[in-house]
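**Student:** First the structure, then my questions, so here it is.
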Amino acid sequence: MRIIQELPIEILRHLYHSFLGRREVRAQMKQYLNSHKRNIAGDEYAVTLHNHSCDGKKQTIEEIVRGAASQGASVVGITDHNSDEPFRQQTGNKILKQYNFKGKIVYALKGMECNCISEDNEKIMDLMFIGYKDTIASGMNLNPVLELAHRNRALIGITSPLNEPFFGPNEEEMEKLLERGIVDYVEILNSSKGAPLFHNDALATIMLKEYNNFALAGKKVAGIYVSDSHVKKHVMGAFFGIKKADFRFLEDETAKQNESCSERLVEGLRTAFEKETVTNYGGYQKFSELLLNADVFESFMNQAAKTWKDYFRLRFSKYRDKTRA
């Protein structure tokens, strides 16, 4: 046990990935997730922002929203890769589409998981844009697309934090994105990855926490759970809750007031992120702890925490007194 605990983080991660590849472990995971109760607090609306309609098994927007609604969702983001055309075609070119399933009002919100070209033109980076008006095209350089999204008052999210080389920013790139002060959230748990606490999301969670402790932009960045669903049954694998008291207009507005409602929803989500009033829900975190014994899990997280705390304390040391003042 002591030898395992002393292994570097990278070795532990590779060991864990190998473990996850075993068929019996995958079967146990599937059984656990299918039985996991995704109950949300009575004073909250459930929001799932990262869902695809045509990047896996092709589905209509209504099919996705209906499936999410059956599991308690009130707001469903539709975020196909590099295109919002399916959403626009199926909703009459709206930003927000209201559905009513037997008296339950549910909203579909336009978004896109967008490939951007990094500042050094060396890689493709995935970012999420939610609730924008103008057309946002994929393949644009990072700075222009961020400026366009920010001008549109879109929610801006980092989808694959530290998940190199698979479209995620590395530590330096993520830090630069956060320092712009326009990023609203980071996906710190993505349920499509299996057991995300042992992917780079674990380190991104710690990095985001430390960044918020020393942030210079005067703005908190939220860490949220998403399902990244490509089929209907995965749509609520992970999600977050928002306070009903802050979003009463979701029940009062009608489809005729769609533009007003979309703006209020996007700004309401941005405020909830900044005030840290969202609650994350998902079964993967607990399952990750079950797969490895508590000692190894604790050792992994302690090593990860120490790595990022040391990094940020060094990086932000010259600002520390100013931040605490």
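**Student:** Could you list, in sequence order, the residues of segment 78-103 that are assigned to a loop (DSSP other than H, G, I, E, B), of a type outside the set (A, V, I, L, M, F, W, C) and in contact with a Ser or Thr (Cβ under 7 Å, 6 or more places away or on another chain)?
**Tutor:** Within segment 78-103, the subset assigned to a loop (DSSP other than H, G, I, E, B) is 79-80, 82-84, 92-95, 102-103.
Next cut, of a type outside the set (A, V, I, L, M, F, W, C) only: 79-80, 82-84, 92-94, 102-103.
Passing the criteria: Asp80, Asn82.
**Student:** Hey, another quick one. Note down all Cβ pairs under 6 Å where the first residue falls in segment 214-238 and is touching a residue at least 60 places away in the same chain (Cβ under 8 Å), the second is part of a loop (DSSP other than H, G, I, E, B) and aromatic (Phe, Trp, Tyr), and they're at least six residues apart or on different chains.
**Tutor:** Close Cβ pairs satisfying both conditions: Phe214/Phe316.
**Student:** Let me ask another. Can you name the residue in segment 106-125 that is among the aliphatic types (A, V, I, L, M) and at pLDDT below 90 and, of all such residues, is nearest to Arg66 (Cα to Cα)?
**Tutor:** My answer is Met125.
**Student:** Taking segment 257-303 as the region of interest, how many residues are part of a helix (DSSP H, G or I) and at pLDDT below 85? Step through it out loud before you land on a result.
**Tutor:** From segment 257-303, those part of a helix (DSSP H, G or I) are 257-275, 284-291, 294-303; that's our starting set.
From what's left, at pLDDT below 85: 257-260, 284-291, 294-303.
Summing the residues that are part of a helix (DSSP H, G or I) and at pLDDT below 85 in segment 257-303 gives 22.
**Student:** Can you spot a residue in segment 159-170 that is surrounded by fewer than 22 Cβ atoms within 10 Å (Cβ to Cβ), over 15 Å from the mean Cα position of the chain (by Cα) and either of a type in the set (Ser, Thr, Tyr) or at pLDDT 80 or above (or both)?
**Tutor:** Checking segment 159-170: at least one residue is surrounded by fewer than 22 Cβ atoms within 10 Å (Cβ to Cβ), over 15 Å from the mean Cα position of the chain (by Cα) and either of a type in the set (Ser, Thr, Tyr) or at pLDDT 80 or above (or both).
**Student:** Among the residues that make up segment 137-154, is at least one of them hydrophobic (A, V, I, L, M, F, W, C), without any contact (Cβ under 8 Å) to a residue 40 or more places away in the chain and either in a strand (DSSP E or B) or under 28 Å from Gly67 (Cα atoms) (or both)?
**Tutor:** no
**Student:** Give the residue, chosen from Val65, Val75, Val106, that is in a helix (DSSP H, G or I) and either in contact with a strand residue (DSSP E or B) (Cβ under 9 Å, 6 or more places away or on another chain) or under 14 Å from Ile130 (Cβ atoms) (or both). Steps first, answer last, please.
**Tutor:** On the way: Val75 fails: in a helix (DSSP H, G or I); Val106 fails: in a helix (DSSP H, G or I).
Exactly one of Val65, Val75, Val106 is in a helix (DSSP H, G or I) and either in contact with a strand residue (DSSP E or B) (Cβ under 9 Å, 6 or more places away or on another chain) or under 14 Å from Ile130 (Cβ atoms) (or both), namely Val65.
**Student:** Mind telling me which of the residues Asn100, Asn115, Asn93 ends up being surrounded by fewer than 21 Cβ atoms within 10 Å (Cβ to Cβ) and touching a residue at least 12 places away in the same chain (Cβ under 8 Å)?
**Tutor:** Working: Asn100 fails: touching a residue at least 12 places away in the same chain (Cβ under 8 Å); Asn93 fails: touching a residue at least 12 places away in the same chain (Cβ under 8 Å).
Every option except Asn115 fails the conditions.
**Student:** Collect the residues in segment 24-69 that are among the acidic types (Asp, Glu), more than 21 Å from the chain's Cα centre (by Cα) and at pLDDT 90 or above, keeping them in residue-number order.
**Tutor:** We begin by selecting, within segment 24-69, every residue among the acidic types (Asp, Glu); these are 24, 43-44, 55, 62-63.
Next cut, more than 21 Å from the chain's Cα centre (by Cα) only: 24, 43, 62-63.
Of everything in segment 24-69, those that are among the acidic types (Asp, Glu), more than 21 Å from the chain's Cα centre (by Cα) and at pLDDT 90 or above turn out to be Asp43, Glu62, Glu63.
**Student:** Continuing with the same structure: So Leu15 clears everything in (1) at pLDDT 60 or above; (2) surrounded by 13 or more Cβ atoms within 10 Å (Cβ to Cβ); (3) in a helix (DSSP H, G or I) except one condition, right? Which one?
**Tutor:** Of (1) at pLDDT 60 or above; (2) surrounded by 13 or more Cβ atoms within 10 Å (Cβ to Cβ); (3) in a helix (DSSP H, G or I), only one is false for Leu15: (1).
**Student:** On to the next question. In segment 118-135, what count of residues is obtained for those that are part of a loop (DSSP other than H, G, I, E, B) and surrounded by fewer than 21 Cβ atoms within 10 Å (Cβ to Cβ)? Explain how you work it out, then say what you get.
**Tutor:** Applying the first criterion (part of a loop (DSSP other than H, G, I, E, B)) to segment 118-135 yields 118-123, 131-135.
Next, from what is left, pick out any that are surrounded by fewer than 21 Cβ atoms within 10 Å (Cβ to Cβ): 118-123, 133-135.
Qualifying residue count, segment 118-135: 9.
**Student:** Moving on to the next point. Which residue is farthest from Gly241 (Cα to Cα), if the candidates are limited to segment 70-80 and must be under 19 Å from the mean Cα position of the chain (by Cα) and free of Cβ contacts under 8 Å to residues at least 40 places away in the same chain?
**Tutor:** The qualifying residue farthest from Gly241 (Cα to Cα) is Asp80.
**Student:** Right, here's the next one. What residue, among those in segment 239-256 that are of a type in the set (A, V, I, L, M, F, W, C) and out of contact with any Lys or Arg (no Cβ under 7 Å at 6 or more places or on another chain), is modelled with the lowest pLDDT?
**Tutor:** Step one: list which residues in segment 239-256 are of a type in the set (A, V, I, L, M, F, W, C), which gives 239-240, 242, 245, 247, 249-250, 255.
With the extra rule that they be out of contact with any Lys or Arg (no Cβ under 7 Å at 6 or more places or on another chain), the set shrinks to 239-240, 242, 245, 247, 250, 255.
On the way: Phe239: 92, Phe240: 95, Ile242: 97, Ala245: 95, Phe247: 95, Leu250: 88, Ala255: 48.
Only one residue fits best here, namely Ala255.
**Student:** Please go through segment 141-151 and pick out each residue that is closer than 16 Å to Asp120 by Cβ and either touching a helix residue (DSSP H, G or I) at 6+ places or on another chain (Cβ under 6 Å) or surrounded by fewer than 16 Cβ atoms within 10 Å (Cβ to Cβ) (or both).
**Tutor:** Step one: filter segment 141-151 for residues closer than 16 Å to Asp120 by Cβ, giving 141-146.
Selection gives Asn141, Asn143, Pro144.
The values are calculated or read from the model by the stated rules, or taken from the named source; none is laboratory data. What you see is a predicted model, and the numbers here were worked out from it, not measured in a lab. Please note: Cβ atoms are built from the backbone with ideal geometry, for glycine as well, and neighbour counts cover all protein chains shown.
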